[in-house]
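Novice: First the structure, which I've put down as structure tokens, then a few questions once you've had a look.
The values are calculated or read from the model by the stated rules, or taken from the named source; none is laboratory data. Not measured: the values here are computed from a predicted model. FYI the Cβ positions are ideal-geometry reconstructions off the backbone, even for glycines, and counts take in every protein chain you see.
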Amino acid sequence: MRRVANAPASELFRFAGVNRIRRSTWREALTRIINRFLKEENKLVDERQMSAYEFTLVLSGVAEITPELADALYLATGGDIEFNMRNEVAYIQFDRAAATLRDAVSSAIAQVEGAGIGVR
């Protein structure tokens, strides 16, 4: 992350997504800058506390891999998957960052079931 404290005002405004400032909106603009900075700081802390996990989910309700199914699962999971089928058994391999293995697996299950394609 860039050093925000010593940046010129125009760069701070751009960082916070503020394009034009009127005198009446200075407080709002500064609030947005501070909130954006704190959000970026929290993101860095969260990333340091996460570990990478590799695991496999076996799917039920899948007779064959279709492009529509593969696209829906890829979008639902954020793309950290490899979708395969062996001996008529469909499975997804995940490479996922999370605080714990339980968090990684439960979020993967929720995303697969929430894809709205009848896969469990």
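Novice: Restricting to region 110-120, name every residue that is out of contact with any strand residue (DSSP E or B) (no Cβ under 7 Å at 6 or more places or on another chain) and part of a helix (DSSP H, G or I).
Specialist: Listed by number, the residues that qualify are Ala110, Gln111, Glu113.
Novice: Out of region 48-64, which residues are more than 13 Å from Tyr91 (Cβ to Cβ), modelled with pLDDT under 85 and assigned to a loop (DSSP other than H, G, I, E, B)?
Specialist: If the condition is that a residue be more than 13 Å from Tyr91 (Cβ to Cβ), modelled with pLDDT under 85 and assigned to a loop (DSSP other than H, G, I, E, B), then Gln49, Met50 are the ones that fit.
Novice: A further question follows. If the requirement is being in contact with a Gly (Cβ under 8 Å, 6 or more places away or on another chain) and either touching a residue at least 60 places away in the same chain (Cβ under 8 Å) or at negative phi (or both), which of these qualifies: Val105, Val119? Show your work before the answer.
Specialist: Working: Val105 fails: in contact with a Gly (Cβ under 8 Å, 6 or more places away or on another chain).
The conditions single out Val119.
Novice: Report, by residue number, each residue of region 87-120 that is polar (S, T, N, Q) and surrounded by 13 or more Cβ atoms within 10 Å (Cβ to Cβ).
Specialist: Result: Gln93, Ser107, Gln111.
Novice: Another question, then. Only one of (1) charged (D, E, K, R); (2) at pLDDT 90 or above; (3) under 18 Å from the mean Cα position of the chain (by Cα) is not met by Arg86, so which one is it?
Specialist: (3)
Novice: Can you work out which of the residues in region 57-86 that are of a type in the set (A, V, I, L, M) and surrounded by fewer than 16 Cβ atoms within 10 Å (Cβ to Cβ) is nearest to Gly114 (Cα to Cα)?
Specialist: Leu75
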